[in-house]
Amino acid sequence: DYTTRVARPGEALLDTGFYAPSLDEERRIPDLYVDQLIALTDVTAEIDAATVGAQTDAERAAARQEAIASITQRLTAQAGGEAEGFLTQVVALYNGGKYSAYTFRRYDDVRLVQLPEVQLGAFGGDADNFTYPRFSLDAAFLRVYDDGGPLRTENAFAWAKTGVEAGDPVFVVGNPGSTFRLETVAQLEYRRDVREPRVLAFFSDRIARLEAALKMTQEAAAAEALRNTISTLKNAQKLYRGRVKALDDPVILARKGDAERQFREAVEADETLRAAYADLFDRMTEIEQQKGELATDFRAFAYLQPNFPYGSGTLQRALLLAPYAGEVGTNGGLPEQVKGQVLAQPFQPAAVDQAYLEARLTDLQTYLGEESPLVRAVLQGQSPEAAANNVLQSSILADSARTAQALAGGALAADDPALRIALALRPQLGAFQSAFAGLTAQENELAARLGRARFDVYGTAVPPDATFSLRLADGVVKGYAYNGTEAPPYTNFFGLYDHYYSYGKGTEWDLPAAWVPPPADFDLATPLNFVSTNDIIGGNSGSPILNKDLEVVGVAFDGNIESLVGSYLYLEDPVRTVSVDGRGILEALDVIYDADRLVLELTERQLVSTEAEADAAMSGTR
């Protein structure tokens with residue numbers, strides 16, 4: 001996505017790759033920032049004190065949010081203030097058993113230095129995603145600038161001059177996204193029976209529809225954006241396949257049940273804990289049962305909301321306007337904030353908007369039934385395809401200029417096709433969203449109290465769920481048994497070319513012209529990818545892999561298919577982290593891309609402005 005933001009007319013950087021031979025040619029990426037962690041503060045006691053005396057879940061939640069807002073404001077001011085680029089985020093660990101405040105310095109001038117062709121970064125495509133052995137050069141380089149020049153940092157991880165061997169310890173530093181390892185069995189059963197299968201079906205359906213839309217898309221930029229979207233959805237699809245498979249495994253649920261039984265027994269055995277927490281387990285079960293009673297509406301309305309990236313922009317605009325039907329276009333009738341939200345919804349290519357709208361109308365018909373009053377009101381006797389086409393051909397909201405004109409003071413009648421559908425949806429959709437939000441709020445409050453109970457029982461002996469906050473994960477470089485054979489600790493460029501010649505041109509294992517044939521001085525034996533036992537999850541992609549001397553030896557970019565169970569529990573075997581080997585990155589930079597300026601900076605920590613300067617500096621080392 002960032003690559004397409006910096007591409008110039010006529011460029012196809014995903015296909016050609018990019019390298020800036022000088023500092024002046026590094027391209028600033030719009031709307032990209034990086035946050036440097038500068039302070040970490042335990043604020044648990046302050047937040048807990050704020051909730052003393054609260055009588056209800058709602059009062060506790062409100063007191064907690066007020067305390068978090070106060071802490072955020074105070075610590076940001078102490079660091080230097082928002083105006084100077086500082087910010088603070090309070091993160092709940094153990095579902096609220098512990099709270100940590102992270103204070104950051106934000107840098108918003110980030111520039112693209114180098115990236116490989118997408119064919120190398122995603123070598124093997126979706127077929128190889130979440131698998132191993134891998135042969136992917138999935139690593140790019142960005143530079144942070146400050147006051148117009150490259151940021152000079154006091155602390156940095158050096159690039160290792162030698163790689164790691166099987167059995168060596170390695171450490172991942174990163175921000176894993178989300179896990180559900182501390183959820184109750186009742187929560188996991190709801191995921192198994194309702195949520196995860198529906199999300200998987202959603203992604204699978206949208207992929208198929210977008211692939212059909214791609215075949216009709218002629219404009220290069222739109223096609224490239226669509227390819228990115230499909231790739232993102234396929235990654236999510238494979239992720240949820242793994243989650244569904246894990247939750248369908250009775251052994252996994254049995255292990256989770258055993259852990260919950262031990263936890264519950266520990267609570268029951270302590271008089272103080274029993275009085276405070278013993279009823280939480282049954283209350284959580286009741287909440288999950290009530291959520292299950294809303295399963296039909298959940299399936300029909302999944303992700304039906306404004307600002308969702310994989311939904312019809314036309315329908316999303318109509319949903320925002322539906323509460324104000326009859327006021328649109330009247331003087332002062334529509335709040336300026338709503339106008340801004342409406343115009344912020346994406347105006348997609350017609351084929352994409354059509355695909356998303358057809359999919360949503362089909363969802364309503366599939367899950368609510370053709371005889372549902374809502375479905376009848378929405379489709380009015382048409383097929384989902386015909387109804388979607390009618391909306392996009394007739395609705396003002398399908399066109400950016402006409403939408404802006406209507407909001408500025410024109411007219412948008414309540415019988416506008418898109419608005420008519422949104423108005424028909426409002427009663428049932430609103431009732432579902434209200435009920436589901438209420439149950440979710442209760443669930444979150446119960447989870448917070450269970451988190452406190454777990455922390456009281458186990459302390460930090462049990463790691464908290466991932467929260468997109470900083471984590472350090474230890475492991476060792478190690479192969480594993482799979483598919484009746486052994487996966488090696490390393491792969492190399494020999495394997496890359498073996499796949500290219502085995503599968504052939506035009507496949508997901510194709511190679512760009514710059515790679516075929518390989519240059520004579522290209523060392524094909526150089527390690528390219530490796531696996532280790534580190535515990536990572538989505539959000540860790542791009543995390544540096546460090547050796548025992550805190551030198552960078554690689555970059556995490558994937559897990560094997562077996563690692564998808566990690567959403568619910570960690571199993572050392574056969575779960576593996578898959579990383580790009582630092583030696584493979586350097587070999588490609590040096591020989592394939594002739595990126596001497598970058599190689600010099602990584603290996604010698606010497607920054608030069610141009611490729612010519614780098615060539616001169618490195619001439620004596622070759």
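Observations on the model:
- The criterion of at least 3 residues that are acidic (Asp, Glu), more than 21 Å from Tyr568 (Cα to Cα) and open to solvent by less than 80 Å² (accessible area, probe 1.4 Å) is met by none of the helices (runs of 4 or more DSSP H) falling completely within region 243-294.
- Looking only at residues in region 605-622 that are without any contact (Cβ under 8 Å) to a residue 24 or more places away in the chain and in a loop (DSSP other than H, G, I, E, B), the one that is surrounded by the most Cβ atoms within 10 Å (Cβ to Cβ) is Val608.
- Annotation for region 71-89: at least one member residue is among the basic types (Lys, Arg), at pLDDT 95 or above and part of a helix (DSSP H, G or I).
- Out of Ser231, Ser178, sole residue that is closer than 25 Å to Gly542 by Cβ and open to solvent by 50 Å² or more (accessible area, probe 1.4 Å): Ser231
- Test: Arg420 is within 30 Å of Ile47 (Cβ to Cβ) and buried (at least 17 other Cβ atoms within 10 Å of the Cβ): no
- Subset of region 330-384 (residues that are open to solvent by 10 Å² or more (accessible area, probe 1.4 Å), without any contact (Cβ under 8 Å) to a residue 60 or more places away in the chain, part of a helix (DSSP H, G or I) and among the charged types (D, E, K, R)): Glu336, Arg360, Arg376
- Each residue in region 197-228 was checked for being within 19 Å of the chain's Cα centre (by Cα), within 25 Å of Pro9 (Cα to Cα) and surrounded by 19 or more Cβ atoms within 10 Å (Cβ to Cβ), and 1 pass.
- Residues that are more than 19 Å from Leu23 (Cβ to Cβ) and in a helix (DSSP H, G or I) within region 571-604 comprise Gly582, Arg583, Gly584, Ile585, Leu586, Glu587, Ala588, Asp590, Val591, Ile592, listed in sequence order.
- The residues of region 90-102 that are small (Gly, Ala, Ser) and assigned to a strand (DSSP E or B), listed by number, are Ala92, Ser100, Ala101.
- Top-ranked residue in region 18-31 [being touching a residue at least 40 places away in the same chain (Cβ under 8 Å), more than 10 Å from Val6 (Cβ to Cβ) and open to solvent by 20 Å² or more (accessible area, probe 1.4 Å); ranked as nearest to the chain's Cα centre (by Cα)]: Tyr19
- Check on Phe135, open to solvent by less than 50 Å² (accessible area, probe 1.4 Å), aromatic (Phe, Trp, Tyr), at pLDDT 95 or above and more than 16 Å from Leu528 (Cα to Cα): no
- Pair list, Cβ < 7 Å and 6+ apart or interchain, from region 516-545 residues that are under 30 Å from Leu239 (Cβ atoms) and in contact (Cβ under 8 Å) with a residue 24 or more places away in the chain to residues that are open to solvent by 40 Å² or more (accessible area, probe 1.4 Å) and hydrophobic (A, V, I, L, M, F, W, C): Ser532/Val476; Thr533/Val476; Gly538/Leu239; Gly539/Phe468; Pro544/Phe157
The values are calculated or read from the model by the stated rules, or taken from the named source; none is laboratory data. Note that this is a predicted model, so its numbers are computed, not measured. All Cβ positions, glycine included, derive from the backbone under ideal geometry; neighbour counts span all protein chains shown. Each accessible area value is taken on the protein alone, full model and side chains, heavy atoms only, with ligands, DNA and RNA left out. Shrake-Rupley method; radii C 1.70, N 1.55, O 1.52, S 1.80 Å.
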